[in-house]
Amino acid sequence: MTVRSAGAAALLTITALLASACSGDGSATPTGSSTPSGTSATSPAKTSTGTGTGSVTTGSVTTGPKNDIAKRKSVIKKECKVTDTGAEASGVVENTTDKDVDFSITVVFTNDKATNVGEGSTEVTARAGESTPWKVEGKFKPPKTVLCIVTAVS
């Protein structure tokens, strides 16, 4: 066998090995289990409103709370504080339109490590041309430090 023939044979062997390593059924699902027992990778997440005892999910990745960008620009968070029963976020909705507008505001409360510890939501009708106060209370065992994140406005 010549050096050229041996090189070509080695190249074919490497190509075949790489092709077999990359082949499969085209699915993105890894082998083994990476989801908790009793759930599937496509199970929608559950929603918890106003309570929490640990990590809380606010809807599935694809169907979580709606977020209206135009309305979100009108919502201003002014305060976030720990309370005896959890935490509270508050602020104002600035309605610059000439019509009353309904808002749904969802807030997730986290500890200082960004782990969700609770959530809550509120409905507010902002009068035309006015600033309207809003407040969301989460009921959970409060950590020493809490962060309040407005996660959705619709």
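The values are calculated or read from the model by the stated rules, or taken from the named source; none is laboratory data. Just so we're clear, the structure is a prediction, and the values are computed from it rather than from any experiment. Note that each Cβ is placed from the backbone with ideal geometry, even for glycine, and that neighbours are counted across all protein chains shown.
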#### Entry: The listed residue being of a type in the set (D, E, K, R) and at pLDDT below 95, out of 79, 119, 88
119
## Note on the structure
Scanning region 97-124 residue by residue, the ones that are touching a Ser or Thr at 6+ places or on another chain (Cβ under 7 Å), in a loop (DSSP other than H, G, I, E, B) and over 16 Å from residue 144 (Cα atoms) total 1
### Residues located in region 71-98, provided they are over 15 Å from residue 123 (Cα atoms) and among the hydroxyl-bearing types (Ser, Thr, Tyr)
83, 85, 96, 97
#### Entry: Qualifying residue in region 82-89 (condition: surrounded by fewer than 18 Cβ atoms within 10 Å (Cβ to Cβ) and part of a strand (DSSP E or B))
yes
